[in-house]
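A short worksheet on the structure shown next.
Please treat every number below as a calculation from the coordinates, not as lab data. Keep in mind that what you see is a predicted model, and the values were worked out from it rather than measured. Cβ placement follows ideal geometry from the backbone for every residue including glycine, while neighbour counts extend to all protein chains displayed.
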Amino acid sequence: MLVLLDQTRLPGEETELVCTDAPALVQAIRTLAVRGAPLLGIAGAYGVALAAARGFDVDEAADALANARPTAVNLAYGVRRAHAAYRDAVTAGADATDAARVALAAARALHQEDAEASRRMAAHGLALLDELLPGGGHRVLTHCNTGALVSGGEGTAFAVALAAHRVGRLRRLWVDETRPLLQGARLTAYEAARNGMAYTLLTDNAAGSLFAGGEVDAVLIGADRIAADGSVANKVGSYPLAVLARYHHVPFIVVAPVTTVDPETPDGASIEVEQRGGHEVTEVTVPFVPVTGVEAGGGIPVAPLGTQAYNPAFDVTPPELVTAIVTEEGVVSPVTREGLAELCARSRQVTIS
């Protein structure tokens with residue numbers, strides 16, 4: 001079985017969700033009980049190992065897991081990696097038990113690599129912040145959730161802010177609430193509080209006034225997919241921040257592992273953006289607070305019955321609005337197709353060696 005922290009219950013409850021088969025994990029991924037690009041890759045790999053250990057159809061499980069959410073490229077990457085290890089073992093003559101062990105070892109290796117990548121991204125990101133903003137006292141705006149809840153380590157963009165906090169150079173973490181599912185309010189604020197960081201929560205539409213008032217020194221976000229040309233798909237609301245940052249001459253920095261870069265996706269227009277249910281917009285979800293007549297996970301209507309809603313899970317920021325992409329292998333700035341290709345090639349050489 002695979003045991004997850006149910007992120008839909010945070011911050012009110014730290015509840016474990018037990019997945020005993022791949023379909024249960026697919027459901028957990030689709031309902032956002034487990035989320036965040038790097039962690040989805042890890043979960044997908046463990047899901048393949050789970051299917052193998054339970055004696056289910058591993059090919060079928062891998063296909064279902066890889067397609068559970070279309071935008072996050074790490075999910076398919078993690079699934080493919082564990083699946084390839086399993087198939088290679090079977091081809092080499094391993095029995096079902098040994099092949100399952102090989103898939104599990106692949107998942108654990110990915111988990112460990114992601115934790116190390118998180119540490120290195122934090123170091124590279126902090127060095128970049130100090131270079132762009134000498135003197136410390138960084139006031140950083142972030143969107144969605146990019147901490148330990150999305151990673152095998154301490155996260156991506158949040159890990160950079162946390163590193164700045166630990167050396168006394170984070171003055172304020174501005175946390176976008178991130179509508180409609182409030183991952184910033186529920187999850188990033190939860191992680192910031194647990195780490196003793198100075199943070200302030202704001203509605204997404206208040207970010208402009210912060211920029212106008214000169215209260216933001218840098219924007220730090222994660223990514224669910226980075227196209228070959230440097231276009232970045234991230235939680236919806238990221239693109240408007242990039243536009244604001246450019247107008248106000250504020251660095252807009254994307255922090256993501258190399259596995260989030262997808263050379264097979266040529267540009268931003270080629271990124272499939274997940275469209276989620278309209279009820280996430282027309283209702284306020286109640287993840288944990290008991291409300292009379294509403295079950296946990298249910299919703300309170302905030303729009304007239306029958307209202308149509310536009311609810312993309314992500315938007316795409318073009319590379320010309322991105323100051324830098326920070327990975328475990330280093331920083332790409334300016335963001336160009338050639339720079340990303342060189343970084344990915346260097347990463348493959350490091351992995352092979």
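Taking max minus min of the alpha-carbon positions on each principal axis, segment 194-342 gives extents of 56, 37, 30 Å, largest first. Scan around Y199 for amide H atoms under 5 Å from its own, H built in the peptide plane at 1.01 Å from N, and keep only partners 5 or more places away or cross-chain. Amide H neighbours of Y199, under 5 Å, 5+ apart: L173. Below 8 Å, C-alpha to C-alpha, sequence gap of six or more: please give me the relative contact order for segment 2-114 in percent. Relative contact order, segment 2-114: 26 percent. With neighbours defined as other Cβ atoms within 10 Å of a residue's Cβ, the residues D63, D95 order from fewest to most as D95, D63.
Using a Debye calculation, one point per C-alpha and no hydration shell, please list log10 I(q)/I(0) for the chain at q = 0.09 Å⁻¹ in order. The Debye formula, applied to the Cα set alone, gives -0.48. Other residues with beta-carbon under 12 Å from the beta-carbon of L129 carry, at +1 per Lys or Arg and -1 per Asp or Glu, a net charge of 0.
Taking Lys and Arg as +1 and Asp and Glu as -1, the other residues whose beta-carbon sits under 11 Å from that of A51 total -4. When the alpha carbon coordinates of segment 241-283 are projected onto the principal axes, the ranges are 36, 32, 20 Å, largest first.
Summing +1 for each Lys or Arg and -1 for each Asp or Glu among the other residues whose beta-carbon sits under 14 angstrom from that of A96 gives -1.
Taking amide H as placed 1.01 Å from N in the peptide plane, the amide H of N234 sits under 5 Å from that of D224, D315, T317, each at least 5 places away or on another chain. Note on the chain: antiparallel DSSP beta bridges, both residues inside, total approximately 45 percent of the bridges counted. For segment 302-312, the Karplus equation 6.51 cos²θ - 1.76 cosθ + 1.60, evaluated at θ = phi - 60°, returns couplings of 10, 9, x, 4, x, 5, 7, 10, 9, 9, x Hz by residue, with Gly and Pro reported as x. Overall shape: oblate for segment 193-234, with the ratio a/c of the largest to smallest alpha carbon gyration tensor axis at 1.5 or above and b/c at least equal to a/b. How much of the pair distance distribution for segment 2-114 lies past 24 Å, counting alpha-carbon pairs only, in percent? That fraction is 19 percent.
Residues whose amide H lies under 5 Å from that of H138, counting only those 5 or more places away or on a different chain, are L170, R171; hydrogens are built 1.01 Å from N in the peptide plane.
Calculated mean residue ellipticity at 222 nm for the chain: -13000 deg cm²/dmol, from DSSP H runs with n ≥ 4 weighted as -39500 (n - 2.57), summed, divided by the residue count and rounded to 500.
How many angstrom lie between the Cα centre of segment 312-329 and the Cα centre of segment 67-145? Segment 312-329 and segment 67-145 have Cα centres separated by 18 Å.
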